[in-house]
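The values are calculated or read from the model by the stated rules, or taken from the named source; none is laboratory data. Keep in mind that what you see is a predicted model, and the values were worked out from it rather than measured. Methodologically, a virtual Cβ is constructed for each residue, glycine included, from the backbone with ideal geometry; neighbour enumeration extends over all protein chains shown. Side chains included, ligands, DNA and RNA excluded: accessible areas come from the protein's heavy atoms. Shrake-Rupley method; radii C 1.70, N 1.55, O 1.52, S 1.80 Å.
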Amino acid sequence: MLQISYRVSHFFGVVVILSISSVVIYWKSHQIRFTYSSIANPTRQQKTGIPIKACPKKSPYLVGPFVFHHFIGTLEDLNNKYEKYRPELGGKFKPLECQPRQKLAIIIPYRDRRRHLIDFLSHMPPMLLRQQVEFTIFVIEQDSPEIFNRALMMNVGYLEALKQDDYSCFIFHDVDMYPINDYNIYQCSTSPTHMAVAVEKWKFGIPYRAYYGGVVAYPKTVIEKTNGFSNLYFGWGGEDDDLGSRLAVVGLKFVRPPAVYGRYATPVHSKDKGNPEAPNRFRLLNDAKRRIWYDGLNSVVYNVSKIEKKKIYTHIHIAVDRQKLEESVELKKREP
Ligand code: UDP
Ligand code: MN
């Protein structure tokens, strides 16, 4: 697979450097790197079935900054594009040449964003394969007509993914945020990680210091500690700050990658119809720290209406009954 990357260089001459897997051209203040990697081809070890060794701590295939492009095509085109990586049904991708260190589930809260989803499915797998990560993308779609509840979809995604496999790392990911530097590694450390630190729509920054939205990585153990996420944020806003409060309650701090790595392209979009601003979000945030013990994984209720194991991802449809859910949280609160 040929990768082309560009960066501004501090070197002003003209030089061409050749190595086995790359050609780097320096010209005036430009650096253009052509990297060839064979990750598309199964290695001899894979074909012979002899156990393969653990993936290195740092993948040799990383290229640094890379570009986000809209994908012109259909899901079927993407299925064909990724066939050579031999994903298992439901979209489990594994590096072909080594044994991955973690099992990653990417959870996408989703409704009615087909174009963004196609772009996501086009953009992510090549980067994750370069990072030598084992991953499955779970799209958790909330059925209409109830108001959208992003954090609830994250709880559901976590529980449903664990019914499929023993994932050790979870990345909760907006469908419209596209990483553009592959040094932002999609793996979990022991701390929760806020990955989206240089976001295009905020001039490659974040809106406020404590911002904890967009893309967050959680080892399984931390999600258990925080009782997952709040179930009560119907509508836009607040739920990501609530996540941050939960961490504080259990005495954890999130970490961030350096801003040069945590860069995300974000397409401009209008507000979704079924996701008006949550009017009660400030009230909820005010007592977020108290609710952690009864509003979360231990009180969530939902129905799975359909699980579609597609070739390159898993699409789970969820029916939500707001009244039942709120009652369930209330009941848990009253438990002795
Ligand atoms: N989302 C969705 N459908 C909706 C509303 C939200 O799929 O109707 C998901 C989607 O993953 C999106 C995320 O929730 O990226 C955050 O919502 P939004 O993009 O409106 O937030 P903002 O752009 O304001 O950060
Ligand atoms: Mn958005």
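Worth a mention:
- Between helix 239-249 and the chain: long-axis angle, C-alpha atoms, 0 to 90°, nearest 10: 80 degrees
- Remark: accessible surface ordering of Ser270, Ser245 (largest first) is Ser270, Ser245, probe radius 1.4 Å.
- Per residue, the accessible area of the chain comes to 49 Å², computed with a 1.4 Å probe over protein heavy atoms only.
- Per-q log10 I(q)/I(0), the chain, q = 0.12 Å⁻¹ (Debye; single scatterer per alpha-carbon; no solvent): -0.87
- Per-residue ellipticity at 222 nm, computed for the chain from helices alone with -39500 (n - 2.57) per DSSP H run of at least four residues, works out to -7500 deg cm²/dmol.
- Carbon and sulfur %, accessible surface of the range 75-334 computed with the full protein complex present, 1.4 Å: 52 percent
- On Cα atoms only, tilt of 114-130 relative to the major axis of the chain in degrees: 50 degrees
- For the chain, share of DSSP beta bridges that run antiparallel, in % to the nearest 5: 65 percent
- In the range 258-332, trypsin sites (Lys or Arg not before Pro) in a DSSP loop with at most 14 other beta-carbon atoms within 10 Å: Lys271, Lys273
- Taking amide H atoms as placed 1.01 Å from N in the peptide plane, the amide H of Ile292 has no partner under 5 Å among residues 5 or more positions away or on other chains.
- Loop exposure criterion: chymotrypsin sites (Phe, Trp or Tyr not before Pro), DSSP state outside H, G, I, E and B, at most 10 other Cβ atoms within 10 Å. Applied to the chain, the longest stretch between such sites is 13-207.
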